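Let me begin by presenting the structure, written as structure tokens, before commenting on it.
The values are calculated or read from the model by the stated rules, or taken from the named source; none is laboratory data. Nothing here was measured: the structure is a model prediction, and the numbers come from that model. Note: ideal-geometry Cβ built from the backbone for every residue, glycine included; neighbour counts use all protein chains shown. Each accessible area value is taken on the protein alone, full model and side chains, heavy atoms only, with ligands, DNA and RNA left out. Shrake-Rupley method; radii C 1.70, N 1.55, O 1.52, S 1.80 Å.
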Amino acid sequence: MRRPRRLVLSAAAMGLALAATGCTYLSPVQTHEFYQAADGTNANLEQAGTLFAGVRNAVLVIGEDGTPVFSSTVVNYSDEEITVEVEGNAEGSAIFSAQVQVPAHSVVELGPSEGQQLVPVGAVNVGVGTVLSLDVTADGEATTISLPTLDNSLGYYDFEQPAEG
């Protein structure tokens, strides 16, 4: 009697193991897809169906004193240096505009911290939670994405304000 019981228990264990691992067998690998994994938004620019540039985690952070700071990362997937233009708009008016030189297969971080390219933002009269628009252009390709505004209550957005002058 012991042998059939062991076979039944072994078969049940094998079936449970297969059932538990089989649920992800046909699921796509998420690391192969770009998605909004952070607070900001992403833009992709393609040429001939191939991704060549993009903006990652674009967000406008409003400091406690009301000072706006644009934070993002610009990505170049191509084999040549490119210029990516970003323009933030509120109620149809540009509040900032910048041209970012990005070396081939590199990234450039935008923001006020050391090692980042500062994008000066004009006076903006919007509250936290307002969704603005961001125009992204490179090499004749363009797209517009939403640009969320956040406060600096999250530690990684508590930027020291850039020195003027």
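Length gained on full extension, Thr67 to Asp158: 31.6 nm, using 0.36 nm per residue less the C-alpha separation. A simple spin-label model places the labels of Ala123 and Glu46 4.3 nm from each other, with each point 7 Å out along Cα-to-Cβ.
What whole-number value in Å² describes the accessible area per residue of region 63-121 for a 1.4 Å probe?
52 Å²
Restrict the search to region 71-165; then list the GluC sites (Glu not before Pro) that DSSP places in a loop and that have at most 15 other Cβ atoms within 10 Å of their Cβ.
The qualifying sites are Glu80, Glu81, Glu91, Glu114, Glu160, Glu164.
Phi-derived couplings, Karplus 6.51 cos²θ - 1.76 cosθ + 1.60 at θ = phi - 60°, listed residue by residue for region 146-157: 7, 10, x, 10, 10, 8, 9, 5, 7, x, 6, 10 Hz, with x used for Gly and Pro.
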